[in-house]
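Here is the structure we will look at, set down as structure tokens.
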Amino acid sequence: HGINQELLELAQKLISIPSIKDNSSALQKVLEVAQNSINNFTPIKFNKLGIPSLLFYNTPKLPQKFTVLLNAHLDVVAAKEYKSVLMGNRLYGRGAYDMKAAAAAEILIFKELAQKVNFPLGLQLVTDEEIGGFNGTKYQVEQGIDADFVLVGETSSDFTFGIKSKGIIWVKAYFTGKAAHGAYPWNGNNAILKANEFLQKLKIAYPIPQKESWATTVNVAKIETANATFNKVPEDAVVWLDIRYIPEDKDSVLEKIRSMVSKDVKVETLVNEPAHLTEKNNKYINQLGVSYQKVTGKEGMLVGKHGGSDLRHFPHSATIEFGPIGANPHTDKEWVDIKSLLTYHKIVTEFLLDLN
């Protein structure tokens, strides 16, 4: 079980490094550990605003376009401690599931198959996915890195095929009213009540689903006013919205929100991250399905993801989120299922060899 041992040891080594956004030496170190595991290839090193990332490739020089690009992030959100614990069939630790164990699998798969496949294969290792991926994956894409198919071993896919994910829009809506003494409200125009009228419309247009569903959702994250006293009619109110939209709504969601407020209300967009959708009859998705069935004896399941990942930075590629089984990312009880990790390694290996 050489490879299984190697995979587990690399995962544990990566988990023990506190590779969080403020620890730049740990971000460097986690990439060094990865690079030392693939010692016969020299990666291209990228760095934007102090955020390091690597790109490995199996061709004599960097290809115009990879056939397949394996993408993994080695950063994690902060934890109380950074150590891995083996318990039964589970590996516990920060990043075990999101996504250092899957990253370890991708690293070893590249190392084993780079010389065996007859197409351009890349491995992209980044360190800022948890804070948006703008200086890692997105920066590499801006530098011309491209692929027909991008596979990220990202969490919450649990052996399902994440072929679509919701986009993210963060909006602030600014309402203005007219100040007055609280005892004479008829002399003023209450900005909070104006905001509330909007929120009532919002609730009807985007009701909160009773259970998980593939629909656009709007979370009211904050309502604020500069008013700091009881006896005043507030003249301003700001509403913060976190919109997670399905690909089908990409052109309509902001229009719809603007139509619910009067012209004098400023609607400011702070974040607008694309949704992504890969056609389910895509040849790479089909091939992965075949390889999956070969290894597991089961049918792969296509799903949509509510959260975003670095895949959204590849506008022209077919993409998939496909990772091992685990739970509780970003918590102290984060774990990955070891057996599924080994199976994952097998499936992706099989997939790349079958593409040959």
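The values are calculated or read from the model by the stated rules, or taken from the named source; none is laboratory data. Worth saying up front: this structure is predicted, and the values here are computed from it rather than measured. Cβ atoms come from the backbone with ideal geometry, glycine included; neighbour counts cover every protein chain shown. Keep in mind that these areas ignore ligands, DNA and RNA; they rest on the heavy atoms of the full protein, side chains included. Shrake-Rupley method; radii C 1.70, N 1.55, O 1.52, S 1.80 Å.
Quick notes on this structure:
- Dipole-positive endmost among Asn328, Thr176, Thr42 within the chain (Cβ charges, Cα centre): Thr176
- A simple rule links phi to the HN-Hα coupling: the Karplus curve 6.51 cos²θ - 1.76 cosθ + 1.60 with θ = phi - 60°, which for segment 318-333 gives 6, 9, 8, 9, 8, x, x, 8, x, 6, 6, x, 6, 10, 6, 9 Hz, with x for Gly and Pro.
- The antiparallel fraction among DSSP beta bridges confined to segment 23-125 stands at about 70%.
- Rolling a 1.4 Å probe over the protein chains gives Phe159 an accessible area of about 20 Å².
- Principal semi-axes of the equivalent ellipsoid, √(5λ) from the alpha carbon gyration tensor of segment 135-193, are 51, 17, 8 Å from largest down.
- Backbone N within segment 180-212 under 14 Å of label point (7 Å from Lys256 Cα along the Cβ vector): 201-209
- Across segment 341-354, rounded Karplus estimates of 3J(HN,Hα) from the backbone phi angles (6.51 cos²θ - 1.76 cosθ + 1.60, θ = phi - 60°) give 5, 5, 5, 4, 4, 5, 5, 5, 4, 4, 4, 5, 6, 5 Hz, Gly and Pro being marked x.
- Restricting the calculation to Cα atoms, segment 222-317 yields a radius of gyration followed by a Dmax of 21.4, 71 Å.
- Diffusion coefficient (Stokes-Einstein, Kirkwood radius over C-alpha pairs, 4 °C, 1.567 mPa s) for the chain: 59 µm²/s, rounded to a whole number.
- Relative to one another, the C-alpha centroids of segment 13-74 and segment 154-187 are positioned 35 Å apart.
- With the highest mean first, a sort of the peptides 289-295, 11-17, 41-47, 190-196 on other beta-carbon atoms found within 10 angstrom per residue produces 11-17, 190-196, 289-295, 41-47.
- With contacts taken as Cα pairs under 8 Å at a separation of at least 6 residues, the chain carries a relative contact order of 24 percent.
- Cut-off 16 Å (backbone N to label point 7 Å along Cα→Cβ of Lys21), residues of segment 286-314: 308-310
- The alpha-carbon atoms of segment 171-215 define a convex hull whose volume equals 97 cubic angstrom per residue.
- Taking the 1.4 Å solvent-accessible surface of the chain as the whole, the part contributed by carbon and sulfur is 52%.
- In a reduced charge model with +1 at each Lys and Arg Cβ and -1 at each Asp and Glu Cβ, segment 115-198 shows a dipole moment near 480 debye about its Cα centre.
- Accessible surface, per residue, of the chain when the full set of protein chains is kept, probe 1.4 Å, Å²: 47
- Amide H contacts for Phe66 (H built 1.01 Å from N in the peptide plane; partners 5 or more residues away or on another chain; cut-off under 5 Å): Asp146, Ala147, Asp148.
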